[in-house]
């Protein structure tokens, strides 16, 4: 079940990566013949995302095995699909700057289901965390767009923060966002130090939210 879910979610990431690659060909001025050839040669996406399937299924299995050892089958299933959803979201955001709705929705739905079953931070804390995570980043993204005239955060980031709140509760949400922000700053500084980024460089924030979520869960917050 976890492997099937992983493969289904990764197909969306593959499609997103493929479309971004074709967009890049168009922006680079490739002719119609070259673009049509690329479409024909990669009907299911280029070779690179195939590694995403391996990584996602491995992550799902590892998370499931660990959770099964600790807490039982229901928590193991939730952890396995969460791992698949997060891995898919991270890969898609890194490759195509897109957080697939299916992956984020799967993580959010599982967090809510888990709270309904009495797991995690509890239903009330989970709902408050979900609303705070989504609402906080949505407000921040809206304010940034109003002040700077361009997007700084995507709505996918807000949705993923909402999913993190459902899993970690309102008490764990600050750690999620703090860890994500620190990791993002460190990654950007590292890229600048190696000459791979400048003042206009923007990094996808989804992978850092996912990392912060994992850190909060590992710390027992959720």
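Read-outs: derived from the displayed coordinates by stated rules, not from any lab. Fair warning: this is a prediction, and the values are worked out from it, not measured in the lab. Methodologically, a virtual Cβ is constructed for each residue, glycine included, from the backbone with ideal geometry; neighbour enumeration extends over all protein chains shown.
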Exercise. Between residue 142 and residue 124, with labels modelled 7 Å along Cα→Cβ, what's the label distance in nm to one decimal, could you check?
Key: 2.7
Exercise. Mind giving me the nanometre distance, one decimal, between the label points for residue 202 and residue 218, set 7 Å out from Cα along Cα→Cβ?
Key: 2.9
Practice problem: Let me know the Kirkwood hydrodynamic radius for region 107-222, please, with Cα pairs as the basis and the value in Å to one decimal. | Solution: 14.5
Quiz prompt | Spin-label model distance (nm) - residue 109 vs residue 155, 7 Å beyond Cα toward Cβ | solution = 1.9
Quiz item: What order, most packed first, do the peptides 84-91, 202-209 have when packing is the mean number of other Cβ atoms within 10 Å of each residue?
Solution: 84-91, 202-209
Practice problem: Percent of Cα-Cα pairs per 10 Å bin, from 0 to the last occupied bin, for region 77-169, please list those. | Solution: 19, 44, 29, 8, 0
Practice problem: Let me have the relative contact order for region 135-185, percent, based on Cα pairs under 8 Å that are six or more residues apart. | Solution: 27
